[in-house]
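Okay, so here's the structure we're looking at.
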Amino acid sequence: MLRAWSDAPAFLLSCPGPLRRHHAAVQPISQLSLPQCLLGGEAQLRAFAASLPNLAPRLFFMPLPELFSGPASHAALQVAVGDDHKVSRLVHLRFGGTRSARIMKAARNGLVLAENHRCLPITASRHPFASGLVLPADMRRVFAYDVAVPRPTVIGGEALSMTPIGAEAIAADLPGPKPRGQLREKTDRDGLEVVSLAEFRSNAWAAGPVRARSPHLRAALAAAAEDGAPFVLLPWNLDHPGSTVPALIERTLRLQALAAPALRLIVLPFNYPGQTGLIRRMIRQLRGKTEEGAEALPHVFVGRLTDLQSLPDLLALSRVAWVDGNDPEFDWTSRRLAACGIAPVLLAAGDTPAPPGGMTVESDEEMTLEAETAFGLLHFRTQIPSLRALRKLLAMTRGLADQTPRKPAGRRRGRA
């Protein structure tokens, strides 16, 4: 896959995320610790790197590729990667969405794409990157998990060549099977962080790790043991302005009583742009728009996996996930979850086949979303389950959770 750039003395990998979690401008991939490693650009970076074991000594992570743009920074970079050759021979691979694409000046730049921009904004500003199909001019190549997608162009209109990525790269970093027991007591080294929306604090979430075991989660686990209502995972792409996840949470809360819920939601934010305002805004909306208001917040959880060795702890909580079919990363997300041993239920926007290891439910109601973004005002025509369809989904999900086998996730390794 990287044959054309095999002469590179080093491959520099980057993705969006909060900078405060990184202690160096360049570090070997073997030393990398990311805030969230289950979904999104961070997980794609880790899995991609794990699928290329022969290149491991030449793989490095840089949180801010645009930092290296002059002779002094280039000299420091060459010291960090152990290379005394020209910067133009280095390769920078960017992970995450097209709107978050960044380049490293003087290097050869490529984008690793897990997006399928079928649901483009119906109106967009004049910003060159607003559509999601335009990349910086210095981008040279696109590596895509699905090449049958709209082909991005660089500024100026030139279409980029697209190189397919093998499906094995989706799960190459997953840990081997481990015995599953009950959810362990929280320690400072645990890699699963879960708090309720009532407990959520922006500073603690951004700085991480969230150390204390959530008392609201303890209470929910005890209640679930009595009423049998399962936990359901709900991935949320924070870098997609047309996400229907906040609206889906609101509708789900409307349809169930807090004292006798059909299920309990654990929201999994990914592609975190470093701005916790998105999560806080959702909390404000739920507080203001749901009938129970603030009383509902201790019953909805937000979580992330910071260490894949803690994947069995997540599986102890839930084996079923709802995947927003409006999200451009829905296919990669579904396949990643299935590889982890989590059954994805795709809330399909249009005629979309069921994901491997999961099911599809049609989103039968149209919704237009307006989002003020760094690229101007965007409007998206999305699809979401109606209240009637959502009632059926709640019942189906509960049945699926009861049927899902309880066994540890296996390890899959391969080369892209």
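Could you grab me the full set of residues in the stretch 308-323 that are hydrophobic (A, V, I, L, M, F, W, C) and over 16 Å from LEU248 (Cβ atoms)? Selection gives LEU308, LEU311, LEU314, LEU315, ALA316, LEU317. Scanning the stretch 11-58 for residues that are among the basic types (Lys, Arg) and surrounded by fewer than 22 Cβ atoms within 10 Å (Cβ to Cβ) turns up ARG20, ARG21, ARG58. Kindly check whether there is at least one residue in the stretch 299-307 that is closer than 21 Å to ARG251 by Cβ and in a helix (DSSP H, G or I). Checked the stretch 299-307: at least one residue is closer than 21 Å to ARG251 by Cβ and in a helix (DSSP H, G or I). Starting from residues that are in a strand (DSSP E or B) and either in the same structural domain as GLU329 (by TED's automatic domain parsing) or out of contact with any His (no Cβ under 8 Å at 6 or more places or on another chain) (or both), keep the ones in the stretch 14-51 and report whichever is modelled with the lowest pLDDT. Here the answer is GLN27. Of the residues making up the stretch 244-260, those that are at pLDDT below 90 and part of a loop (DSSP other than H, G, I, E, B) are LEU255, GLN256, LEU258, ALA259. In the stretch 101-109, the count of residues that are in contact (Cβ under 8 Å) with a residue 60 or more places away in the chain, under 14 Å from VAL26 (Cα atoms) and outside the structural domain of LEU378 (by TED's automatic domain parsing) is one or more. For the stretch 222-238, indicate whether the set of residues that are among the polar types (S, T, N, Q) and in a loop (DSSP other than H, G, I, E, B) is non-empty. No, the stretch 222-238 has no match at all. Any residue at all in the stretch 350-360 that is surrounded by 20 or more Cβ atoms within 10 Å (Cβ to Cβ) and under 25 Å from PRO121 (Cβ atoms)? Scanning the stretch 350-360 turns up at least one residue that is surrounded by 20 or more Cβ atoms within 10 Å (Cβ to Cβ) and under 25 Å from PRO121 (Cβ atoms). For the stretch 59-93, filtered to residues that are within 23 Å of the chain's Cα centre (by Cα) and assigned to a helix (DSSP H, G or I), the residue that is surrounded by the fewest Cβ atoms within 10 Å (Cβ to Cβ) is GLU66. Among residues of the stretch 124-140 that are in contact (Cβ under 8 Å) with a residue 60 or more places away in the chain, none has a beta-carbon under 6 Å from a residue that is surrounded by fewer than 15 Cβ atoms within 10 Å (Cβ to Cβ) and in a loop (DSSP other than H, G, I, E, B) at least six positions away or on a different chain. Looking at ASP313, ASP364, just one residue is at negative phi, touching a residue at least 12 places away in the same chain (Cβ under 8 Å) and touching a Pro at 6+ places or on another chain (Cβ under 8 Å), and that residue is ASP364. Taking the condition more than 19 Å from LEU308 (Cα to Cα), in contact with a strand residue (DSSP E or B) (Cβ under 8 Å, 6 or more places away or on another chain) and touching a residue at least 24 places away in the same chain (Cβ under 8 Å), does LEU93 pass? Judged against the criteria, LEU93 is a match. Between PRO235, PRO273, the distinction of being in contact with a Ser or Thr (Cβ under 9 Å, 6 or more places away or on another chain), surrounded by 22 or more Cβ atoms within 10 Å (Cβ to Cβ) and not hydroxyl-bearing (Ser, Thr, Tyr) belongs to PRO235 only. From the list LEU314, LEU263, LEU278, the lone residue that is more than 16 Å from the chain's Cα centre (by Cα) and among the hydrophobic types (A, V, I, L, M, F, W, C) is LEU263. Among the candidates ALA294, ALA316, ALA321, the residue that is of a type in the set (Gly, Ala, Ser) and buried (at least 23 other Cβ atoms within 10 Å of the Cβ) is uniquely ALA321. Yes or no: VAL267 at pLDDT 90 or above, within 22 Å of LEU308 (Cβ to Cβ) and outside any helix (DSSP H, G or I)? The answer is yes for VAL267. Residues that are over 21 Å from the mean Cα position of the chain (by Cα), assigned to a loop (DSSP other than H, G, I, E, B) and buried (at least 23 other Cβ atoms within 10 Å of the Cβ) are absent from the stretch 120-138 altogether.
Matching residues to (1) outside any loop (DSSP other than H, G, I, E, B); (2) under 23 Å from SER310 (Cα atoms); (3) at pLDDT below 85:
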| site | (1), (2), (3) |
| --- | --- |
| THR333 | yes, yes, no |
| ALA354 | no, no, yes |
| ALA371 | yes, no, yes |
| THR397 | yes, no, no |
| ALA416 | no, no, yes |
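The values are calculated or read from the model by the stated rules, or taken from the named source; none is laboratory data. Bear in mind the structure is a predicted one, so any value in this text is a computation, not a measurement. We place every Cβ from the backbone using ideal geometry, glycine too, and count neighbours over all the protein chains shown.
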